[in-house]
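Chemist: Pasting a structure here, questions to come.
The values are calculated or read from the model by the stated rules, or taken from the named source; none is laboratory data. Every value quoted in this text rests on a predicted model; they were computed, and no experiment measured them. Methodologically, a virtual Cβ is constructed for each residue, glycine included, from the backbone with ideal geometry; neighbour enumeration extends over all protein chains shown.
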Amino acid sequence: MTTPAPAIPDETASPKKTKAQKAKENLTSPWATGAAIIIAALWTIPTIGLFMTSLVPGEQYRTESWWNVTFNGDLTFENFGQVLFDSFGDSSNAPPLLGNLINSIVVTVPTVVFPLVIGLMAAYAFAWIPFRGSNFLFVFIFALQVVPLQLALIPLLKLLGPEGIGIAGQFPGVWVAHTIFAMPLAVFLLHNFIAQIPSDIIEAARVDGASHTQIFFRVIIPLSLPAIASLAIFQFLWVWNDLLVSAVFGGIKTYPLTYPISNLAGDYGATAYLVPPAAFISMVIPLIVFFSLQRYFVRGLLAGSTKG
Amino acid sequence: MAGFHGGRLPLPQSGLDAEFWSTQGSNLTLAAVAIIAFIAVVALVMFGADLVRGKARDKVQLVVLITPVLVLLGVGLVYPALDTVWLSFTEIVKEPDPVTGINTESVNFVGLANYTYAFTDPTMLRTILNTLVWIVMVPLLSTAVGLAYAVFIDRAKGEKALKSLVFMPMAISFVGASVIWGSIMYDFNETGEQTGMLNAFLGTLGIDPINFLAAEPWNTLFLIVILAWIQTGFAMVIISAAIKGVPPEINEAASLDGANAWERFWHITIPSIRGTLVVVMTTITIATLKVYDIVRTLTQGRYNTDVVANKMYVLGFVEQREPLGAALAVILFVFVIPIVVYNVRSLQKVKETR
């Protein structure tokens, strides 16, 4: 969008001043500032509350609020140790969360790599290799992004289950399911980026006799690193935080952190005090990834959702 | 109870014995091996395709590049989706064989019976209506708050940090967010001190505590707030980028013409970012349709809070009523068809202008 502003020669003399004025105007509107502060607080306080509640000793969880416990000086880090290493659940021999934490890693890392590699290959083909049906296929894959994955769950489980190839309930089953569901977004996002590589670079390589394989490894991958980073973060957060795919395609040996937490959260029993520390533990790694790589995450969001 | 400070018993650490570590170790090894093997196979096939000489080379390499994605999507998404559509028109009858006594399954075509049931049974109908409330409210709430916040903090001091605060819930799982709201904000005690932050706050105002998750019909709205809390950051980041794309000259000119901030917002900012607002709303609508984690974690559909995505899971995987679950999945899909059409059209427009 490049709508030229109507020219008013005598008054656009000092653009710097206008900018400063405007900044001031934004800040000095007390309503706007107040509203912004309230929103920022509402979006932060719940998470802080979760952390503080994690530190409330179990026997005070039902009767004392976290701010009272804080004033009394009774906060303890013991809950974290209990849910990670002792037990997490209704009975004292319920398995601790450490196993689920490791499961989360085992589920997530491969399912970040697989769709990235396959998506990059397809994205390069759709962006730079003209072939019949290319446009149709790309639009079709793009449209699949919107199809609710619920539509595929039951038959796909049959395909991967004991009547099919028999990998449901194990890590490979979860990997395959996650990889499939990630493909539409991966192809679309990477295509958007790869299509913007200047055509001179690709054409020059082609004229020099480079094959698609050579261009893929020597040009596309090095130039797409920012897009790769964006997609990797997306996929990481999506898989790490997923419950549905893991619940359907996983089993008792593969359940990630979200599964036992979701089960116990609806319980409201005597062990309810274990839920906040568990939820906080499940958030630590994604929050670290998110804050350290936020730039790429935002870039990926913008690439994925601003069309034209 | 183990783990309480003070009365800690020397429990045998049930989970964390040698067997635990050997299982976890082999799981981690499995993941590492899978990744290395996958990359090795891809590289081998790619370089293998590079050994082809002559005209066929380009074609072979094209096939290598796009086959994986087409197979995965064809087998993993397109075929299952079609199968679900077929399943939704059937019923599965399980009865013992009169001779052998072994249970046999027969699949009968029943036409629209599952759909008729979905749209006449009161619980199912309630589930569909709840879902409609979700897909109207979540995009509206998130976009409105995201837009307001983006405008308020535009060019303010510390804009980046202020954005991070609202954006942060994007990194939290729906399960985690449900715990945050269910156990921290909405917590309700029938007697004694209110430990939930909202009820404690209401208490200071002299208002009786509310059992947020059970208070029909408003409880659906309280669940909706959780998803809106997550999605607002997304809306805000996209909208903020769009606002920065509005040429500042227009605002300056309008301001010189005497337009105040409010008028400039309605007559310049909103029209300039209309396209972005549509994209944000549709994206959030799609995300909303698929969400089942929040309902499953907090109410399991009780107190009339069920939504299609959760009901579909329960029918398909808990109650063994797959055809009915399939019908709900198809209904879910029908809801998004207009969005698919709209998105495909705008993509084609972009492609034409390229």
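Chemist: In this structure, is A:L116 surrounded by 18 or more Cβ atoms within 10 Å (Cβ to Cβ), in contact (Cβ under 8 Å) with a residue 60 or more places away in the chain and closer than 28 Å to B:V42 by Cβ?
Modeler: Spelling it out, A:L116 is indeed surrounded by 18 or more Cβ atoms within 10 Å (Cβ to Cβ), in contact (Cβ under 8 Å) with a residue 60 or more places away in the chain and closer than 28 Å to B:V42 by Cβ.
Chemist: Could you tell me how many of the residues in the range B:190-236 are assigned to a loop (DSSP other than H, G, I, E, B) and either buried (at least 16 other Cβ atoms within 10 Å of the Cβ) or among the aliphatic types (A, V, I, L, M) (or both)?
Modeler: To start, the set of residues in the range B:190-236 that are assigned to a loop (DSSP other than H, G, I, E, B) comprises B:190-196, B:205-218.
Imposing the further condition that a residue be either buried (at least 16 other Cβ atoms within 10 Å of the Cβ) or among the aliphatic types (A, V, I, L, M) (or both) reduces the set to B:194-196, B:205, B:207, B:209-210, B:212-215.
Here the count works out to 11.
Chemist: Take the conditions at pLDDT 90 or above, in the same structural domain as B:N343 (by TED's automatic domain parsing), more than 22 Å from B:S88 (Cα to Cα) and of a type in the set (S, T, N, Q) and apply them to B:S255. Does it pass?
Modeler: The answer is no for B:S255.
Chemist: Report, by residue number, each residue of the range A:259-294 that is farther than 26 Å from B:N310 by Cα and assigned to a helix (DSSP H, G or I).
Modeler: A:V284, A:I285, A:L287, A:I288, A:V289, A:F290, A:F291, A:S292, A:Q294 - these are the residues of the range A:259-294 that are farther than 26 Å from B:N310 by Cα and assigned to a helix (DSSP H, G or I).
Chemist: So, A:L264, is that one of a type in the set (A, V, I, L, M, F, W, C) and within 15 Å of the chain's Cα centre (by Cα) or not?
Modeler: The answer is no for A:L264.
Chemist: Take the residues in the range B:111-131 that are out of contact with any helix residue (DSSP H, G or I) (no Cβ under 7 Å at 6 or more places or on another chain) and touching a residue at least 40 places away in the same chain (Cβ under 8 Å), then tell me which one is nearest to B:V307 (Cα to Cα). Let's see the steps before the verdict.
Modeler: Within the range B:111-131, the subset out of contact with any helix residue (DSSP H, G or I) (no Cβ under 7 Å at 6 or more places or on another chain) is B:111-113, B:116, B:120-123, B:126, B:129.
Filter once more, so that each one left must be touching a residue at least 40 places away in the same chain (Cβ under 8 Å): B:123, B:126.
Numbers: B:T123: 10, B:R126: 8 Å.
Of everything passing the filter in the range B:111-131, B:R126 is nearest to B:V307 (Cα to Cα).
Chemist: Something else now. What are the pairs, 6+ residues apart or on separate chains, where a residue within the range B:341-354 that is within 7 Å of chain A (Cβ to nearest Cβ) has its Cβ under 9 Å from a residue that is outside any helix (DSSP H, G or I) and at pLDDT 70 or above?
Modeler: What qualifies is B:N343/A:Q145; B:N343/A:V146.
Chemist: Within the range B:189-207, track down each residue that is facing another protein chain (nearest Cβ under 8 Å) and farther than 12 Å from A:S65 by Cβ.
Modeler: None - no residue of the range B:189-207 is facing another protein chain (nearest Cβ under 8 Å) and farther than 12 Å from A:S65 by Cβ, so the list stays empty.
Chemist: Say we look at the range B:299-340 and pick out the residues that are more than 9 Å from every other protein chain (Cβ to nearest Cβ) and among the acidic types (D, E); which of these is surrounded by the fewest Cβ atoms within 10 Å (Cβ to Cβ)?
Modeler: B:E319
Chemist: State all residues of the range A:108-134 that are facing chain B (nearest Cβ under 7 Å) and more than 21 Å from the chain's Cα centre (by Cα); if no residue qualifies, say none.
Modeler: A:M121, A:A122, A:Y124, A:A125, A:I129, A:F131, listed by residue number.
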